[in-house]
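Taking it in order: structure first as structure tokens, then the write-up.
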Amino acid sequence: MTAAIEVRGLRKSFGDQLVLDGIDLTVAQGTIFSLLGPNGAGKTTVVKILSTLVTADSGEIRIDGTELTAAPDTIRAAIGVTGQFSAVDGLLTGEENLRLMADLHHLGRAAGQQRAATLLEQFDLVEAAKKPVMTYSGGMKRRLDLAMTLVGDPRIIFLDEPTTGLDPRSRHSMWQIIRQLVSGGVTVFLTTQYLEEADQLADRIAVLDHGRLVAQGTAEELKRLVPGGHVRLRFTSPGELELAARVLPSGVPDASALVLQVPNDGRVQSLRELLARIDDASLEVDELTVHTPDLDDVFFAVTGHSTLDEKATTR
């Protein structure tokens, strides 16, 4: 699959503080890549460098096939950026904000009006189009902010914690919009502190801590890095539970619940092997459920702290 973003050996310091210490990552075209990390890990710095807002100290970066230092203007024409805080003008209406952005992209009056109208409809802002943005809810402002990012029809979008502060309904609405963008061929580079967000959206996830990538992979691959996965087998009688405990000696029985908890990493091959042993012993299992660690477990395992931990420095 063609890469939309390729990064090798990315390093950045601010004074004597090393923020990024040799980052390597690849983002495939038409996918969602999520960068996780606690406050101060360097997520925003990565976004600023990749979107040409900050210069790296060293490293090789290619965006949409173009080497960043060789043609930054070409890259700027191919990307869009939505930062942590809305960049909309509260005194203007939603339509005026979009038309202003269209002017900045030199679309022309008629083309700008058409682009604004299309985006207002796409982001469900038609009824609010003539109202000052200061009257918008937080979710509406974030939708407008993302719509403004799309005025130039970018092929790659950087979303830096786009749902921070939104209520659950607005957050889910934003997720749906992001999925629609990707289904249309757009590549999304997403930073977030909401692990559920990365789990729901991302094709691949990387965890950044103290300026280094400490884990990369799909959500399922990352979850398998953490011990604690198991299969829960429930039986209909104490006799079946006792037999199962003898057949599967690694399992932990719960006699009161008629349950045997068997360590298992959740991979298809592992499950097949377990089911074969159950079938060979003619065990009558009433219910089987697979439990794997979630991204919270992964995050804690690879960084040593939870996502709620705050650091003094945020970059």
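Looking only at the stretch 94-112, which residues are in a helix (DSSP H, G or I) and of a type in the set (A, V, I, L, M)? Passing the criteria: 98, 100, 101, 102, 104, 110, 111. Taking the condition within 11 Å of the chain's Cα centre (by Cα) and assigned by TED's automatic domain parsing to the domain that holds residue 79, does residue 182 pass? The answer is no for residue 182. Residues of the stretch 61-93 that are outside any strand (DSSP E or B) and among the hydroxyl-bearing types (Ser, Thr, Tyr): 69, 74, 86.
Evaluated against (1) outside the structural domain of residue 247 (by TED's automatic domain parsing); (2) over 16 Å from residue 227 (Cα atoms); (3) among the hydrophobic types (A, V, I, L, M, F, W, C), residue 298 falls short on exactly one condition, (2).
With respect to being in contact with an Asp or Glu (Cβ under 6 Å, 6 or more places away or on another chain), more than 30 Å from residue 132 (Cα to Cα), free of Cβ contacts under 8 Å to residues at least 24 places away in the same chain and surrounded by fewer than 18 Cβ atoms within 10 Å (Cβ to Cβ), residue 69 falls outside the description. Would you confirm whether or not the stretch 63-76 contains a residue that is out of contact with any strand residue (DSSP E or B) (no Cβ under 6 Å at 6 or more places or on another chain), assigned by TED's automatic domain parsing to the domain that holds residue 207, of a type in the set (S, T, N, Q) and closer than 20 Å to residue 149 by Cα? Looking through the stretch 63-76, none of the residues is out of contact with any strand residue (DSSP E or B) (no Cβ under 6 Å at 6 or more places or on another chain), assigned by TED's automatic domain parsing to the domain that holds residue 207, of a type in the set (S, T, N, Q) and closer than 20 Å to residue 149 by Cα. If the condition is being under 11 Å from residue 86 (Cα atoms) and of a type in the set (Ser, Thr, Tyr), then the stretch 154-170 contributes 163, 164.
Being in contact with a His (Cβ under 8 Å, 6 or more places away or on another chain), modelled with pLDDT of 85 or more and not assigned by TED's automatic domain parsing to the domain that holds residue 47 is the requirement here; does residue 285 meet it? When the stated conditions are applied, residue 285 does not pass them. The requirement of being surrounded by 12 or more Cβ atoms within 10 Å (Cβ to Cβ) and either within 30 Å of residue 194 (Cβ to Cβ) or modelled with pLDDT of 85 or more (or both) is satisfied by residue 260.
With a requirement of 1 or more residues that are within 23 Å of residue 294 (Cα to Cα) and modelled with pLDDT under 90, the helices (runs of 4 or more DSSP H) lying completely within the stretch 133-249 that satisfy it span 168-183, 195-201, 219-223.
For (1) among the acidic types (Asp, Glu); (2) in contact with a helix residue (DSSP H, G or I) (Cβ under 8 Å, 6 or more places away or on another chain); (3) touching a residue at least 40 places away in the same chain (Cβ under 8 Å), each residue gets a yes or a no:
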position: 135; (1), (2), (3): no, no, no
position: 155; (1), (2), (3): no, yes, yes
position: 162; (1), (2), (3): no, yes, yes
position: 176; (1), (2), (3): no, no, no
position: 183; (1), (2), (3): no, no, no
position: 186; (1), (2), (3): no, no, yes
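Checked against the criteria, residue 236 does not count as touching a residue at least 40 places away in the same chain (Cβ under 8 Å) and under 30 Å from residue 83 (Cα atoms).
The lone criterion from (1) at pLDDT below 90; (2) surrounded by fewer than 18 Cβ atoms within 10 Å (Cβ to Cβ) left unmet by residue 16 is number (1).
Residue by residue, here is whether (1) in contact with a helix residue (DSSP H, G or I) (Cβ under 8 Å, 6 or more places away or on another chain); (2) within 30 Å of residue 40 (Cβ to Cβ) holds:
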| residue | (1), (2) |
| --- | --- |
| 242 | no, no |
| 245 | no, no |
| 266 | yes, no |
| 279 | no, no |
| 301 | no, yes |
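The values are calculated or read from the model by the stated rules, or taken from the named source; none is laboratory data. Given the structure is predicted, the values throughout are model-derived calculations rather than measurements. When we count neighbours, we look across all protein chains shown, and the Cβ atoms used for this are built from the backbone with ideal geometry, even at glycine.
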